[in-house]
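Take a look at the structure below.
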Amino acid sequence: MAYETPDHIRQILRTLPTKPGCYLMKDSAGHIIYVGKAKVLKNRVPNYFTQHADHTPKTLKMRSLVADIEIIVTETEVQALILEETLIKQHQPRYNILLKDDKRYPYIRVTWQNPFPKVETTRRVVKDGSRYFGPYAAMWAVQNTLRVLRKAFPYLTCDRTITGNDERACLFWDIGLCSAPCIGKVNQEEYRAMIAELMDVLSGKSDGVLGRLTKAMDAASEALQFERAAVLRDQIKAIEYITQRHRAVSPQMTDHDVIAIARDDKTAVVQILFIRNGKLIGSDHRSLEHFEDESDSEVLEQFLTQFYSSTQEIPREIILPDEVEEARIIERWLSDKRSGAKVQITVPKRGNKIDLIGMARENASEALRMMKAQWEADTTKHEQAMAELQEALNLPNPPNRIECYDISTTQGTAIVASRVVFVQGTSAKGEYRRFNIRTVEHAGSDDYQSMREALTRRFSRWQTLKDEPPVHVPGKEDRDATWRTLPDLLLIDGGKGQLGVAYEVLSAFDLLDKVPVASLAKQFEEIYLPGKPIPVILPRQSQALYLVQRIRDEAHRFAITNHRNRRDKAGMASLLDGVPGIGPNKRKALLAAFGNSISAIRSASIEELAAVKGINKKLAEQIKAVL
């Protein structure tokens, strides 16, 4: 049924102003489900309610839920951008791309405005005259940096009022971690000069500092002041340790952030590389929610506004892998945040910057892989997923064992059904099975009949084995156990039609009260249950949805792999069938001898072919001639 815009929404669309601003879409309960911005509200908002065929499934679903639209007019496009980010953070709408794990980065602060500056950590940048260095990805990285720096630059950490007239210094003077201006060991000018060099090191300008210290060390050594030389040597090592951890990028690059994205169907990760004074000083990654059906460009645009709204230090240039539509507006906003200093967003095509994009992409992909691996290893999340799934589907028992079936076919040829098994939320790959579909091999593609055959064969095995005692062979597993054990949930990849087939098969084996069944439709991730016309919609960020998606994707991957293998073997067999004198037995022997590879057979010598059982030299020559 075609979508029909409600009269109330039509009236709102007719009266939209021709000004910039934000629009808040609400559902029937008054909940804000989407927040957007527009240069001209009258031009942007009606686009959601047209009948264009290019609307994404996400947009179509959201549109069907909109019962009201609230409009907030702003004076400028930049104000609309700021307001959109504020509203998204406040309301967390379910259809907006959301930045997860929002946090403030740690910085190193040097209180340069004070006569005797201190060096400390902070997560808040304030315009108080202090100098800030960072950001760092984690507080432990800041603490490690300061621990090493203090050996080279023994700065103050106490709360004393420094006069130079105290009778005694603290313990840190005794252990070499304070220069003791409190007792006059250094004066204010000397202390500030030391802190200035510390700031040079943090800024990536350590060459001059190292040169001065090296000359001083050599001079002390020549004057036989070996203790002084040893202290200077340790300072040099500490500075070199800090600077070596900052990878040199380019002397022409100053303050840049390099951003890239990696994503799959369920997870998106944005990687940020922080470059300061031509050196890579750190990196971090953030995960995103509600990004489905959005392009990389749209994801990056939302990331920029949310990420830099909570980050105090704005770089001079932000390097992106793709153009973003609102780049110029975002630049103006960021320039304002940077006290009027110009900020530029660039998308490089060549040179050093494109290499940095590649590095960021590689790091993003690795972060994505690690996040997925951590989820798979997290038993707490598995338990949570099974508990959520049991409640959502009203299952009699926790779905400790889930079997999922998928069909893979190309134009009715080499049809393969796959079964994957998940036990306690993790894949049991030793129990994966495939079914080469026979009943529809020459009757065109029929997913329903293929699913019927696969499920019938599976539960026929159960029926045969259910009353037989397990056969225990020392040192070997019971291979029939995978058929003897019934699943706590039978999951079918498909919609209502596939679910109906599974229901009929379970009914034929009298298993309806023993094996709960459901199907997962991909477009909107809807789960259908027998006898229930309205599907179950799992919450977008629920562990239950993540689990069933992983199971479905694994079934699909396994089916595609097996289908490809079977199709390739069929192709090899047909080539060999064209060789006079090659029958089924000799063809099988050839494939077995050369690893089922037609390329290996083609590149083999006549002597190697003739070495195969049943193949003489004359037949080997014919094989070479045909292939």
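For Phe558, the conditions (1) in contact with a Leu (Cβ under 6 Å, 6 or more places away or on another chain); (2) modelled with pLDDT of 75 or more; (3) not charged (D, E, K, R) all hold with the exception of (1). The set of residues from the stretch 501-518 being in contact (Cβ under 8 Å) with a residue 40 or more places away in the chain and surrounded by fewer than 16 Cβ atoms within 10 Å (Cβ to Cβ) comprises Glu504, Ala508. Go through the residues of the stretch 151-164 one by one and say whether even a single one is part of a helix (DSSP H, G or I) and either under 21 Å from Arg228 (Cα atoms) or modelled with pLDDT of 85 or more (or both). Yes, the stretch 151-164 contains a residue that is part of a helix (DSSP H, G or I) and either under 21 Å from Arg228 (Cα atoms) or modelled with pLDDT of 85 or more (or both). The selection criterion, being at pLDDT 90 or above, assigned to a helix (DSSP H, G or I), touching a helix residue (DSSP H, G or I) at 6+ places or on another chain (Cβ under 7 Å) and farther than 19 Å from Val505 by Cα, does not hold for Leu455. Checking each residue in the stretch 58-101 for being hydroxyl-bearing (Ser, Thr, Tyr) and crowded, with 20+ Cβ neighbours inside 10 Å picks out only Tyr95.
For every residue, the table says whether it meets (1) at pLDDT 90 or above; (2) farther than 28 Å from Pro533 by Cβ; (3) under 26 Å from the mean Cα position of the chain (by Cα).
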| residue | (1), (2), (3) |
| --- | --- |
| Asp378 | no, yes, yes |
| His382 | no, yes, yes |
| Gln390 | yes, no, no |
| Thr410 | no, yes, no |
| Gln424 | no, yes, yes |
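Filtering Ala364, Ala392 for residues that are under 20 Å from Ile319 (Cα atoms) and surrounded by 18 or more Cβ atoms within 10 Å (Cβ to Cβ) leaves a single hit, Ala364.
The selection criterion, being over 30 Å from His285 (Cβ atoms) and either crowded, with 19+ Cβ neighbours inside 10 Å or not aromatic (Phe, Trp, Tyr) (or both), holds for Lys39. Looking only at residues of the stretch 104-117 that are of a type in the set (Ser, Thr, Tyr) and assigned to a loop (DSSP other than H, G, I, E, B), we find that the one that is modelled with the lowest pLDDT is Tyr105.
Exactly one residue out of Ala508, Ala502 is in contact with a strand residue (DSSP E or B) (Cβ under 6 Å, 6 or more places away or on another chain), of a type outside the set (D, E, K, R), modelled with pLDDT of 90 or more and in the same structural domain as Ile402 (by TED's automatic domain parsing), and it is Ala502.
Scanning the stretch 322-357 for residues that are in contact (Cβ under 8 Å) with a residue 60 or more places away in the chain and either touching a strand residue (DSSP E or B) at 6+ places or on another chain (Cβ under 9 Å) or surrounded by 14 or more Cβ atoms within 10 Å (Cβ to Cβ) (or both) turns up Glu326, Ile329, Ile330, Arg332, Trp333, Asp336, Lys353, Leu356, Ile357.
The residue of the stretch 256-278 that is modelled with the highest pLDDT, among those that are among the charged types (D, E, K, R) and either surrounded by 22 or more Cβ atoms within 10 Å (Cβ to Cβ) or assigned by TED's automatic domain parsing to the domain that holds Met62 (or both), is Asp257.
Against the criterion of being in a loop (DSSP other than H, G, I, E, B), at pLDDT 80 or above, over 34 Å from the mean Cα position of the chain (by Cα) and of a type in the set (D, E, K, R), Glu167 qualifies.
When Ala230, Ala216 are checked against the criterion of being of a type in the set (A, V, I, L, M, F, W, C) and either surrounded by 15 or more Cβ atoms within 10 Å (Cβ to Cβ) or at pLDDT below 75 (or both), a single residue qualifies: Ala216.
Applying the set (1) within 17 Å of Lys151 (Cβ to Cβ); (2) surrounded by 13 or more Cβ atoms within 10 Å (Cβ to Cβ); (3) over 46 Å from the mean Cα position of the chain (by Cα); (4) of a type outside the set (Gly, Ala, Ser) to Leu177 leaves exactly one unmet item: (3).
Residues that are in contact (Cβ under 8 Å) with a residue 24 or more places away in the chain and more than 19 Å from Arg233 (Cα to Cα) were ranked within the stretch 181-201; the one that is surrounded by the fewest Cβ atoms within 10 Å (Cβ to Cβ) is Gln188.
The values are calculated or read from the model by the stated rules, or taken from the named source; none is laboratory data. The shown structure was predicted, so the numbers you read here are calculated from the model rather than taken from an experiment. Cβ: placed from backbone, ideal geometry, glycine included. Neighbour counts: every protein chain shown.
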